[in-house]
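The values are calculated or read from the model by the stated rules, or taken from the named source; none is laboratory data. Remember, it's a predicted structure, so these values are computed and weren't measured experimentally. Here the Cβ positions follow ideal geometry from the backbone for every residue, glycine too, while neighbour counts run over all protein chains shown. Side chains are part of the model used for accessible areas, which takes the heavy atoms of the whole protein and leaves out ligands, DNA and RNA. Shrake-Rupley method; radii C 1.70, N 1.55, O 1.52, S 1.80 Å.
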Amino acid sequence: PTKTNIFRSFPKNFWTVIVMEFFERGSYYGVMSVLSVYLILDINQGGLGFSKESVGVIKSTITPLLYFLPILSGAIADQFGYRKTLIFAFVVMSLGYFCTSISTSYFAVFLSLLLMVTGAGTFKPIISGTIARTTDQSNSALGFGIYYWSINLGAFLFPLLLIPFLKGIGWSYIFLMASMLTGSMLLLNLF
């Protein structure tokens, strides 16, 4: 493709998953930017008042799961299809964020975050696979560059701009924002 139509060389599915990646990573990194503080912060200050050790258990469980699950979910997506697997991912992810917003017990928060990370871990290989399927030799480097740009832009903008605003309203709104955005990606996937 020439310089003038290189961006047009990408099909609609490419741009759809770029939008999905931006909002999913923005939601994830937005939540992760304040999660430990929220879980440890005293109840009188709006947090949940968990011990640092118990929060360490949560974080050391969900982080490795996020990076292990794509091995399984990639195989599942190849077997059942990208769209069906994305539906599962967005339902579970948005439910996890929502449940975290209303949970106050350690067990409930832990389970909610396990739901969230299950959805996020299921989501990851499908997006990479779609990028690979929708690019070719003439545009793959640019395609993967745009893909990584969308990850980094979401991870940068949400914690910088949106999270401080939401935190000022109330901590639970951070998780509700993530739930609504990942839930809206379910609608984008369906239509």
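Within the set Ile6, Ile43, Ile18, the sole residue that is hydrophobic (A, V, I, L, M, F, W, C) and without any contact (Cβ under 8 Å) to a residue 60 or more places away in the chain turns out to be Ile43. Restricting region 10-35 to residues that are among the polar types (S, T, N, Q) and open to solvent by 40 Å² or more (accessible area, probe 1.4 Å) leaves a set whose member that is farthest from Leu95 (Cα to Cα) is Asn13. Criterion applied to Phe158, Phe110 was being out of contact with any Gly (no Cβ under 7 Å at 6 or more places or on another chain), more than 16 Å from Ile87 (Cβ to Cβ) and not charged (D, E, K, R), and the one residue passing it is Phe110. Residue pairs whose Cβ atoms lie under 7 Å apart, separated by 6 or more positions or on different chains, with the first residue in region 100-115 and assigned to a loop (DSSP other than H, G, I, E, B) and the second open to solvent by less than 10 Å² (accessible area, probe 1.4 Å), are Ser103/Val109; Ser103/Ser112. Note on region 21-40: residues that are free of Cβ contacts under 8 Å to residues at least 60 places away in the same chain and touching a helix residue (DSSP H, G or I) at 6+ places or on another chain (Cβ under 6 Å) total 2. Determine whether Arg83 is assigned to a helix (DSSP H, G or I) and open to solvent by 70 Å² or more (accessible area, probe 1.4 Å). It is true that Arg83 is assigned to a helix (DSSP H, G or I) and open to solvent by 70 Å² or more (accessible area, probe 1.4 Å). Do we find that Phe98 is closer than 25 Å to Asp136 by Cβ and of a type outside the set (Asp, Glu) in this structure? No; evaluated as a whole, the condition is false for this residue.
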